[in-house]
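Novice: To start, I am sharing the structure in question, which I have written as structure tokens.
The values are calculated or read from the model by the stated rules, or taken from the named source; none is laboratory data. Note that this is a predicted model, so its numbers are computed, not measured. Glycine also receives a Cβ, built like all others from the backbone with ideal geometry; neighbour counts cover every protein chain displayed.
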Amino acid sequence: MSDTPSILRLRFETVGSIMAIVVGVAALWVSWDQGRVMRQEMRASVWPALQVQGFVDTAGGDLAIGLSVENAGIGPALIERITLYDGDDLVVDLEDLRARVDEAADLSFDTVTGRVMGAGTRFRPFIFRFDDPEALLGTDGPVTPVMASALIGSWRAEICYCSSLGDCWTADISTNPPADVDQCDAEPASAL
């Protein structure tokens with residue numbers, strides 16, 4: 001009978017040790033899961049979401065066409081590169097773009113690469129203004145936005161940008177949401 005209490009004590013200590021291990025593993029899992037959730041919340045709290053679109057403005061009888069970029073997200077975006085195509089042809093710089101649109105057009109532009117865009121901001125990387133849009137489009141009447149949109153209908157633009165945490169996305173002229181990318185690679189980019 002003297003062995004019975006020591007066997008019970010050994011079993012109780014074994015059960016207690018196993019329970020301590022289970023509680024420790026559970027606490028470790030909860031801690032890991034909370035860290036994962038916190039990282040996701042942090043990422044979401046600084047998510048920039050750039051929207052890219054071409055625009056046509058026919059106000060006042062003049063014609064203006066160009067590209068517009070807006071940060072509709074909640075965090076700043078660092079623009080790493082922009083790639084602009086006219087059809088399937090890469091537009092290499094502003095002079096190439098000017099030659100494709102109209103040499104006589106009045107061009108104003110803003111540098112895109114390296115720009116930090118705050119949440120809720122918008123800018124227009126380039127704008128072409130035409131004094132005589134009727135002659136440009138070969139019409140006798142007033143130029144409508146539908147007529148003028150033919151000038152930018154073949155444009156495709158893609159912007160690669162990153163958040164302050166180093167997460168990166170690409171956005172283009174479409175209604176698709178920005179796509180996650182590992183990093184902004186150095187593919188041929190327009191010098192805009």
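Novice: Just to confirm my filter: which strands (runs of 3 or more DSSP E) fall fully inside the range 27-120 and include at least 1 residues that are among the aromatic types (Phe, Trp, Tyr)?
Specialist: In the range 27-120, the matching strands (runs of 3 or more DSSP E) lie at 50-57, 77-86, 106-109.
Novice: Then there is this: Please verify whether the range 26-46 includes one or more residues that are among the β-branched types (Val, Ile, Thr), within 24 Å of the chain's Cα centre (by Cα) and modelled with pLDDT of 85 or more.
Specialist: Within the range 26-46, the first condition is being among the β-branched types (Val, Ile, Thr), and the residues that meet it are 30, 37, 46.
Narrowing further to those that are within 24 Å of the chain's Cα centre (by Cα): 37, 46.
Checking which are modelled with pLDDT of 85 or more leaves us with none.
No, there is no match, as no residue in the range 26-46 is among the β-branched types (Val, Ile, Thr), within 24 Å of the chain's Cα centre (by Cα) and modelled with pLDDT of 85 or more.
Novice: Go through (1) modelled with pLDDT under 90; (2) more than 18 Å from Trp155 (Cβ to Cβ); (3) buried (at least 16 other Cβ atoms within 10 Å of the Cβ) and name the single condition Asn71 misses.
Specialist: It is condition (1) that Asn71 fails.
Novice: Within the range 1-16, restricting attention to residues that are exposed (fewer than 10 other Cβ atoms within 10 Å of the Cβ) and among the hydroxyl-bearing types (Ser, Thr, Tyr), which residue is modelled with the lowest pLDDT?
Specialist: Here the residue is Ser2.
Novice: If Glu187 satisfies all but one of (1) assigned to a helix (DSSP H, G or I); (2) of a type in the set (D, E, K, R); (3) modelled with pLDDT under 85, what's the number of the condition it fails?
Specialist: Result: Glu187 fails condition (1) only.
Novice: Considering only the range 59-68, state which residues are surrounded by fewer than 19 Cβ atoms within 10 Å (Cβ to Cβ) and on the phi < 0 side of the Ramachandran plot.
Specialist: Applying the first criterion (surrounded by fewer than 19 Cβ atoms within 10 Å (Cβ to Cβ)) to the range 59-68 yields 59-62, 68.
Ala59, Asp62, Ser68 - these are the residues of the range 59-68 that are surrounded by fewer than 19 Cβ atoms within 10 Å (Cβ to Cβ) and on the phi < 0 side of the Ramachandran plot.
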